[in-house]
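Peer 1: One structure follows; several queries about it will come next.
What follows is calculated from the coordinates using simple rules that are stated; it is not laboratory data. Model, not experiment: these values are computed from the prediction. Quick reminder, even Gly has a Cβ in these numbers, built from the backbone with ideal geometry, and neighbours come from all protein chains shown.
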4 protein chains.
Amino acid sequence: MDKTNVRLVEEIFRDAKFIHALGIELVGCGFGWCESKMAKSEGLQQQHGFVHAGALMTLADHTCGGAAASTMPEGKDVITVETKVSFLRPATDKQMICRATVLRSGRTLVFVEAEIVVERDGTTAVVAKASSTLAVIPRRPSTN
Amino acid sequence: MDKTNVRLVEEIFRDAKFIHALGIELVGCGFGWCESKMAKSEGLQQQHGFVHAGALMTLADHTCGGAAASTMPEGKDVITVETKVSFLRPATDKQMICRATVLRSGRTLVFVEAEIVVERDGTTAVVAKASSTLAVIPRRPSTN
Amino acid sequence: MDKTNVRLVEEIFRDAKFIHALGIELVGCGFGWCESKMAKSEGLQQQHGFVHAGALMTLADHTCGGAAASTMPEGKDVITVETKVSFLRPATDKQMICRATVLRSGRTLVFVEAEIVVERDGTTAVVAKASSTLAVIPRRPSTN
Amino acid sequence: MDKTNVRLVEEIFRDAKFIHALGIELVGCGFGWCESKMAKSEGLQQQHGFVHAGALMTLADHTCGGAAASTMPEGKDVITVETKVSFLRPATDKQMICRATVLRSGRTLVFVEAEIVVERDGTTAVVAKASSTLAVIPRRPSTN
């Protein structure tokens, strides 16, 4: 039986207004992983025309949240404790894909990592790599 | 003589469209520090109604960039290498203030930290703490 | 009444064999802070003769543990969840002092930061800065 | 032609006295990766009898250094800028293996990640995961 908490992952992407504002969309999820995408747009730019580090951190953080959520039993939810993101290359591409994977889902803490990749010249390039810790909390009703 | 690169700091806040989209504003700067603010709004919310971790990370990252930029000589600029943000408390307040301070501004790297504080019950509470590394790069013309 | 859990802090420094091996000593503690020191020695060197980043990380991590422990009630202990350390300057000095400060001590998590400083040319220089998350766990008997 | 800077990797493990003190040994390396091992010993213990987080951080940091070094051209060396390590499970096993992989080796910065694994009940368990940034510096003679 698949224990993936698909409903919680979908809610996390559906009910977070900031995620909509950035154009971030859920692509798919399974037990312990989540994939999302974000299209480049003018509103995401920093001063040099690249996608802002903050937009990439948001994409990584939220997708880590999705991956962690996929492992939660009924009545539980997750919240970010800390996230570190390394910026390997400037993000100048039309679309960014983020894949988050749970390293360990414990009773109180979930460790997740994510990478943000782009298609460039026919190959995949990693533009950012994230490492995140989340805390397991009781589920509360969504605001939406 | 004040060596603060005020012009670069102002440009960084003026020309980053993502920063405008989030309502982040420069409050002030000096040599090795930068202060900014962000007002709570619906568009910044995550699924529980709190300000999204990604919005807080953006505020911290950009203000760290401002602090680092304040120490740059003519012809130099900065770009984020990595940022870690710890989330100490949920951000539910009307306004967040971010203060970034340079720990060390070297020839090729700048180390900066930042805290995001809110006024709560008449006292100041820290909601997030960031630690960031930036690289010194040649200045290129702004896109705006 | 002083709620500082001095006994737990002292045990942490007394019973950790690795800490003795590195010559790390407790200098003092209070509620939410801890200070320790480490003397430079050949055994701590990396390949260029500087103090190894791993020794600095150990000093920072353990002192963060001490600061977190100082806030624990009876029956509780702490364990490191994650630690990030930035290396601002090479550590070439005779003695390193580490000061850790609790940013927030919660029911399940404690956020701590630490800086490692040296005396250099009559002033204090920061050689490393750490940011650490610890989990609150039930206290178990010490192995010593 | 294999561009792996094997000599630099071997020197890094040979000339770092702290690494010998901890019993860390180079297992192998190639272009962009490095593997090392560390045997559990009393001297590495923290207060509960587990391997100290600082010993794990040292293992991860140094092996990241080895992986970064493997990509360096003649005349270049690396030094750690920052390292973050997440502790997924207590390390109670006889031997720890660390595998570091370069995410990006640039002209001035190298991004590396590492995992520390143990054999437990016939399977491999990850006890720690590290993310590190290193700076490329001119090579200086080794102290040994």
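Peer 1: Arrange the following residues from fewest to most other Cβ atoms within 10 Å of their Cβ: B:HIS52, B:HIS20.
Peer 2: Fewest-to-most ranking of B:HIS52, B:HIS20: B:HIS20, B:HIS52.
Peer 1: Just how large is the dipole of region C:6-138 about the Cα centre, in debye to the nearest 20, putting +1 at every Lys and Arg Cβ and -1 at every Asp and Glu Cβ?
Peer 2: Computed charge dipole of region C:6-138: roughly 180 debye.
Peer 1: Another question about this same structure. Give, in nm to one decimal, the length gained when the segment between A:ILE79 and A:LYS37 is fully stretched (0.36 nm per residue of separation minus the Cα-Cα distance).
Peer 2: 13.1 nm
Peer 1: Hey, could you get me the Stokes-Einstein D for the protein assembly as shown, Kirkwood radius over alpha-carbon pairs, 20 °C and 1.002 mPa s, rounded to whole µm² s⁻¹?
Peer 2: So the translational diffusion coefficient is about 90 µm²/s.
Peer 1: Among the GluC sites (Glu not before Pro) in region C:65-135, which ones are in a DSSP loop with at most 14 other Cβ atoms within 10 Å of the Cβ? Mind listing them?
Peer 2: Filter output for region C:65-135: C:GLU74.
Peer 1: Let me know the charge dipole size of region B:68-113 about its Cα centre in debye, to the nearest 20, where only the beta-carbon of Lys, Arg (+1) and Asp, Glu (-1) is charged.
Peer 2: 140 debye
Peer 1: Based on alpha-carbon atoms only, what is the radius of gyration of region D:96-144 relative to the globular estimate 2.2 N^0.38 Å?
Peer 2: Dividing the Cα Rg of region D:96-144 by 2.2 N^0.38 Å gives 1.55.
Peer 1: Same structure again: Tabulate in residue order the Karplus-calculated ³J(HN,Hα) for region D:126-140, using 6.51 cos²θ - 1.76 cosθ + 1.60 with θ = phi - 60°, rounded to whole Hz; enter x for Gly and Pro.
Peer 2: Once rounded to whole Hz, the list reads 8, 9, 8, 10, 10, 9, 9, 10, 10, 9, 7, 10, x, 6, 10.
Peer 1: In the Gaussian network model of chain C, springs joining C-alpha atoms below 10 Å, which of C:ASP77, C:ASP61, C:ASP121 carries the largest mean-square fluctuation?
Peer 2: Largest GNM mean-square fluctuation: C:ASP121.
Peer 1: Separate question: Full-extension gain between D:ILE137 and D:LYS3, please, as 0.36 nm times their residue separation minus the C-alpha to C-alpha distance.
Peer 2: That pair, D:ILE137 and D:LYS3, stretches by 46.4 nm at full extension.
Peer 1: Quick check on the exposure proxy: order A:SER41, B:SER70, C:SER105, B:SER86 from fewest to most C-beta atoms within 10 angstrom.
Peer 2: So the residues, fewest neighbours to most, are A:SER41, C:SER105, B:SER70, B:SER86.
Peer 1: Moving to a separate point now. From the phi of every residue in region A:116-123, what ³J(HN,Hα) in whole Hz does the Karplus formula 6.51 cos²θ - 1.76 cosθ + 1.60 yield, where θ is phi - 60° and glycine or proline is x?
Peer 2: Running phi through 6.51 cos²θ - 1.76 cosθ + 1.60 with θ = phi - 60° gives 10, 10, 10, 8, 9, 6, x, 10 Hz.
Peer 1: For peptide B:55-65, how many partner chain Cβ atoms fall within 10 Å of a residue's Cβ, on average?
Peer 2: Mean partner-chain Cβ count within 10 Å for B:55-65: 5.
Peer 1: To continue, here is another question. Taking Rh as the Kirkwood radius, which is the inverse of the mean 1/r over Cα pairs, what is the Rg/Rh value for region C:28-90?
Peer 2: 1.05
Peer 1: Another question, then. For A:THR71, what residues show an amide H to amide H distance below 5 Å, using hydrogens built from the backbone and excluding near sequence neighbours?
Peer 2: The list, which skips near neighbours in sequence, is A:ASN5, A:GLY32.
Peer 1: Taking trypsin sites (Lys or Arg not before Pro) as candidate sites, keep only those in a DSSP loop with at most 11 other Cβ atoms within 10 Å, then name the longest stretch of chain A containing none of them.
Peer 2: Here the longest run is A:4-93.
Peer 1: Further question: Under 5 Å between amide H atoms, partner at least 5 residues away or on a different chain: which partners does C:VAL81 have, H built in plane at 1.01 Å?
Peer 2: C:THR133, C:LEU134, C:ALA135
Peer 1: Using a 7 Å offset from the Cα along the Cα-to-Cβ direction at both C:VAL27 and A:THR108, what is the distance between the two label points in nm, to one decimal?
Peer 2: Placing both labels 7 Å beyond Cα along the Cβ direction yields 3.0 nm.
Peer 1: Using modelled amide H (1.01 Å from N, peptide plane; none on Pro or chain starts), what sits under 5 Å from the amide H of C:LYS40, excluding residues fewer than 5 places away?
Peer 2: It is C:GLN95, C:MET96, by chain and number.
Peer 1: What list of ³J(HN,Hα) values in whole Hz, one per residue of region B:28-40 in order, does the Karplus curve 6.51 cos²θ - 1.76 cosθ + 1.60 (θ = phi - 60°) give from phi, with Gly and Pro shown as x?
Peer 2: These are the phi-based 3J(HN,Hα) values: x, 7, x, 5, x, 8, 8, 10, 9, 9, 9, 8, 4 Hz.
Peer 1: Further question: So for D:THR80, C:THR63, fewest C-beta neighbours within 10 Å to most, what's the order?
Peer 2: D:THR80, C:THR63
Peer 1: What does the net charge come to around A:LYS37 if you take all other residues with beta carbon closer than 12 Å to its beta carbon, with K and R at +1 and D and E at -1?
Peer 2: My count for the surroundings of A:LYS37 gives -1.
Peer 1: In peptide C:75-83, what is the residue-averaged number of other protein chain Cβ atoms found within 10 Å of each Cβ?
Peer 2: Mean inter-chain Cβ contacts per residue within 10 Å come to 6.
Peer 1: Next question, about the same structure. Divide, for chain D, the radius of gyration over alpha carbons by 2.2 N^0.38 Å, where N is the residue count.
Peer 2: Expressed relative to 2.2 N^0.38 Å, the Cα Rg reads 1.01.
Peer 1: Continuing with the same structure: At A:ASP121 and B:GLU119, where each label point lies 7 Å from the Cα along Cα→Cβ, what is the point-to-point distance in nanometres?
Peer 2: Going from the A:ASP121 label point to the B:GLU119 one covers 5.3 nm.
Peer 1: Helix-derived [θ] at 222 nm for the protein assembly as shown: sum -39500 (n - 2.57) over DSSP H runs of at least 4, divide by residue count, nearest 500?
Peer 2: Per the formula, -6500 deg cm²/dmol.
Peer 1: Putting +1 on Lys and Arg Cβ atoms and -1 on Asp and Glu Cβ atoms, find which of C:ALA55, C:ILE137, C:GLN95 reaches farthest to the positive end of the dipole of chain C.
Peer 2: Positive-most Cα among the choices belongs to C:ILE137.
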